[in-house]
Amino acid sequence: MSSVNPRRWWALWVLAAAQFMVIMDTSIIGVALPEMQRDLGFSPGDLQWVFNAYVIAFGGLLLLGGRLSDLLGARRVFTAGWVVLIAGSVVAAAAQIAWVEVLGRAVQGVGGALIAPSAMTLLMILFAHDPKELGKAMALYGAAAPAGGTAGVFLGGVFTQWLSWPWVFIVYVPIGLATLAATGLLPTVAPRRGAVDVLGAVTVTAGLALAVFAVVRAPQAGWGSAQTLLELGGAAALLALFLVIQRTVREPLMPLGIWRVPRLASANLAMTLLGAAWIPMWYFLNLYLQQVLGYGAFASGAALLPMTGLLMVFMTAITARLLVRFGAKPLISGGLLVLAAGLLWLSAVEPTGTFVVDVLPASLVAALGMSLAYIPAMMTALSGAPQEQAGLASGIVNTTYQVGSALGLAALTALATTQGADRLGDLPALTDGFSAAFLGAAIVAAVGGIVTLLVMRGEADAGAEQPQQVAGEQVGV
């Protein structure tokens, strides 16, 4: 922009509110899951689709959302994203059967995929005139992410306990309408000419969805059955087709040359495994608190506040300083190993356990590991990209985290189901299933820590000088 926007700080509050709500959308449903399962008839294996439908749509379409933001204008796409998110929230709140709920969550994910990249573009436009102001704006915008995760855990419990689970979706309607009313504060961005790689977006999203579907269904169909093999083969074919499309179209969603950026691949691998370990932990911890320990929705949400509070403090105040001092590689590897230790501790949960002994200390250790690894991995993925590809690098790393979350949750739900997590009311069997999931997540995190240590190159961290620039990226809880 040629001049400083006098309303930029008011506009920042609109963008921060959007970031807050997009992140809250991934955490607010956690404590409501058992109520939704009872009311809508979800099976234990299918319940994860309430989460995965959002994650697949959100992660699979982030790159497309960023491209549309560039071509159509960020403010226009931001507004459209909120309209879609409100529509999905209405569908999810009104659902009377399981598939309608899943549809509503998918529509919410589409809205989030439009909102997140366009909000970041608008923030950069508003504060590009002054690096110091940009740093402050990034810090405030970034703080909205862990705040949204924390608020989602708490409000999910409040709404489910004293109102009903549809309120975890109804809350988006008035807030969304207020945000739409405030979009006049945002700068108008002129559209520019270019093509949209619709076929690429369809193939990558369909491939991811089919892969998750195959893993979810594998325990019933059999891992070696023709159905499972055909579905996994179809998913692989779609993802391979996506790569072919990216190599051949003139304006691809993901130019493959970006993977030559130093440490981009290893950082994205770390983010994939981080999501595959963290999100299943959060999912099964909610179920253990309510279905085994007998916590109500509000008590379950309150029980997770220490963990989310630690995340918020570390991510906004401590990890950035550690990144400057030690560099990214030891924090990513060490954080994943600390997360693995917390998950291993959680795998020792008992049917007659208590929150203070079985949950609190282990969850805090896991949260510490997540706090140490997430921002350095994000920063590493962004730091080597040239300025003209920074948005693409951001979209890729957010996508890999969401893909890891979806596939990890699908695989570990399948594992938990085979160990007894589908036997509601049988506390020992449920605990065995949840314990298996925690142990599986611990192995995933440990592999991530070891692979990062062995594979990631150890040169000086180019991104360590500006760690707060990634504070606004997407984190599940």
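The values are calculated or read from the model by the stated rules, or taken from the named source; none is laboratory data. Keep in mind that what you see is a predicted model, and the values were worked out from it rather than measured. Cβ placement follows ideal geometry from the backbone for every residue including glycine, while neighbour counts extend to all protein chains displayed.
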Cβ pairs under 6 Å, 6+ apart or interchain, first in segment 48-63 and in contact (Cβ under 8 Å) with a residue 40 or more places away in the chain and not assigned by TED's automatic domain parsing to the domain that holds Met21, second part of a helix (DSSP H, G or I) and basic (Lys, Arg), ordered by first then second residue, are none
Reported set for segment 239-288 where residues are among the aromatic types (Phe, Trp, Tyr) and closer than 17 Å to Ala416 by Cβ is Trp278, Trp282, Tyr283, Phe284, Tyr288
Of the conditions (1) without any contact (Cβ under 8 Å) to a residue 12 or more places away in the chain; (2) assigned to a helix (DSSP H, G or I), the single one that Gly224 does not satisfy is (2)
If you go through Val338, Val356, the only one that is in a helix (DSSP H, G or I), at pLDDT 95 or above and either under 15 Å from Leu285 (Cα atoms) or among the β-branched types (Val, Ile, Thr) (or both) is Val338
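Quick one: is Arg250 touching a residue at least 24 places away in the same chain (Cβ under 8 Å), charged (D, E, K, R) and under 30 Å from Gly335 (Cα atoms)? Before you say what the answer is, go through the steps one by one.
On the way: touching a residue at least 24 places away in the same chain (Cβ under 8 Å): yes; charged (D, E, K, R): yes; under 30 Å from Gly335 (Cα atoms): no.
Here the answer is no, as Arg250 does not meet what is asked.
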Condition set among the small types (Gly, Ala, Ser) and crowded, with 24+ Cβ neighbours inside 10 Å, scope segment 241-285, selection nearest to Thr431 (Cα to Cα): answer is Ala277
